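This report concerns only the one structure given below.
The values are calculated or read from the model by the stated rules, or taken from the named source; none is laboratory data. All values derive from a computational prediction rather than experimental measurement. All Cβ positions, glycine included, derive from the backbone under ideal geometry; neighbour counts span all protein chains shown.
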Amino acid sequence: MKIVICVEGDSDIKFMKDFVDYYKFEISSNDISYIKSGGKDKLSLIKKNLIQPGEDGINIIIQDLDSDSETERNKKVSGILEDYKFKLFFIKGGALNCLEELLELSSVNDLSVFNDCWNSFNNCLGPIEFVKNKLRLKDKLHLYKLMCLNSNEDKERMKYIGDKEIDYINKRFFNLGHVCFVDLKIFFESILI
């Protein structure tokens, strides 16, 4: 069965590839492709890259729930993909309902010193609206990943590292077996096994 997994951005694609590899779901790499929509409101712009109505396969749409209600977002996506065969999963949990929050929960290092520094920095910047708060969390996670690098080879790579290069399966950074990912694992199992 052909599968298209559609997520919001490049770092989400890298995470989903690693997540699928980590759990060794029974699918061939030839049968699966990953695309990014560029954001929750841009799904209609990438419909041509999805498995089209009448074709064999399934589209898996994974989005951060953000500040939307599940009912509202489900209605919106269903309206855009009215004739398409798809399964929809919303990442939720925490105040921002986004993947970055789950990654923060699944971090494997003691972050107390890091969090103390980050919180001081964040407080210094003052109150912010939802979108900037989510962007700050992305920055925090990126800094966390850089902090975890400690060999000479890693330090050299720090100059170039981006979200697409992060190895989410590497247990020095994250625990993909963390309870915060259970719903996503069950979602994939219901489709891929």
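For region 2-9, does any single residue satisfy the condition of being out of contact with any helix residue (DSSP H, G or I) (no Cβ under 9 Å at 6 or more places or on another chain) and within 17 Å of residue 138 (Cβ to Cβ)? Reasoning before the result, please.
Taking region 2-9 as the starting set, the residues that turn out to be out of contact with any helix residue (DSSP H, G or I) (no Cβ under 9 Å at 6 or more places or on another chain) are none.
No.
Quickly run through region 68-98 and pick out the residues that are in a helix (DSSP H, G or I) and in contact (Cβ under 8 Å) with a residue 24 or more places away in the chain.
The initial filter retains those residues of region 68-98 that are in a helix (DSSP H, G or I), namely 70-80.
73, 77, 80, listed by residue number.
Could you identify the single residue in 139, 116, 183 that is assigned to a helix (DSSP H, G or I), at pLDDT 70 or above and closer than 19 Å to residue 23 by Cβ? Steps first, answer last, please.
On the way: 139 fails: closer than 19 Å to residue 23 by Cβ; 116 fails: closer than 19 Å to residue 23 by Cβ.
Just a single option satisfies the conditions, and that option is 183.
Counting only residues that are touching a Cys at 6+ places or on another chain (Cβ under 7 Å) and hydrophobic (A, V, I, L, M, F, W, C), which one in region 73-108 is surrounded by the fewest Cβ atoms within 10 Å (Cβ to Cβ)?
As a first pass, look at region 73-108 and keep what is touching a Cys at 6+ places or on another chain (Cβ under 7 Å): 91, 93, 102, 105-106.
Then drop every residue that is not hydrophobic (A, V, I, L, M, F, W, C), which leaves 91, 102, 105.
Working: 91: 24, 102: 21, 105: 15.
Only one residue fits best here, namely 105.
Report yes if residue 69 is among the polar types (S, T, N, Q), under 13 Å from residue 6 (Cβ atoms), more than 17 Å from the chain's Cα centre (by Cα) and surrounded by fewer than 17 Cβ atoms within 10 Å (Cβ to Cβ), otherwise no. Break it down stepwise before answering.
Details: among the polar types (S, T, N, Q): yes; under 13 Å from residue 6 (Cβ atoms): no; more than 17 Å from the chain's Cα centre (by Cα): yes; surrounded by fewer than 17 Cβ atoms within 10 Å (Cβ to Cβ): yes.
No; evaluated as a whole, the condition is false for this residue.
Only one residue in 35, 27 is assigned to a loop (DSSP other than H, G, I, E, B), surrounded by 13 or more Cβ atoms within 10 Å (Cβ to Cβ) and touching a strand residue (DSSP E or B) at 6+ places or on another chain (Cβ under 9 Å), so which one is that? Spell out the reasoning first.
Details: 35 fails: assigned to a loop (DSSP other than H, G, I, E, B).
The match here is 27.
Within region 81-104, take every residue that is aromatic (Phe, Trp, Tyr) and more than 16 Å from the chain's Cα centre (by Cα) and give me the one that is nearest to residue 188 (Cα to Cα).
Let us first name the residues in region 81-104 that are aromatic (Phe, Trp, Tyr), namely 84, 86, 89-90.
Filter once more, so that each one left must be more than 16 Å from the chain's Cα centre (by Cα): 84, 86.
Numbers: 84: 19, 86: 13 Å.
Only one residue fits best here, namely 86.
Cβ-Cβ distance below 9 Å, separation of 6 or more or different chains: which pairs start in region 41-62 with a residue that is in contact (Cβ under 8 Å) with a residue 24 or more places away in the chain and under 19 Å from residue 10 (Cβ atoms) and end on one that is assigned to a helix (DSSP H, G or I) and acidic (Asp, Glu)?
Hits for this filter: 62/12.
Quick one: is residue 12 assigned to a loop (DSSP other than H, G, I, E, B), surrounded by 15 or more Cβ atoms within 10 Å (Cβ to Cβ) and not polar (S, T, N, Q)?
Numbers: assigned to a loop (DSSP other than H, G, I, E, B): no; surrounded by 15 or more Cβ atoms within 10 Å (Cβ to Cβ): yes; not polar (S, T, N, Q): yes.
In short, no.
Being touching a helix residue (DSSP H, G or I) at 6+ places or on another chain (Cβ under 8 Å), over 24 Å from residue 190 (Cα atoms) and at pLDDT 85 or above is true for just one of 44, 107. Which residue is that? Explain how you work it out, then say what you get.
Values: 107 fails: at pLDDT 85 or above.
So the residue among 44, 107 that is touching a helix residue (DSSP H, G or I) at 6+ places or on another chain (Cβ under 8 Å), over 24 Å from residue 190 (Cα atoms) and at pLDDT 85 or above is 44.
So is residue 5 at pLDDT 95 or above and of a type in the set (A, V, I, L, M) or not? First the steps, then the outcome.
Details: at pLDDT 95 or above: yes; of a type in the set (A, V, I, L, M): yes.
Judged against the criteria, residue 5 is a match.
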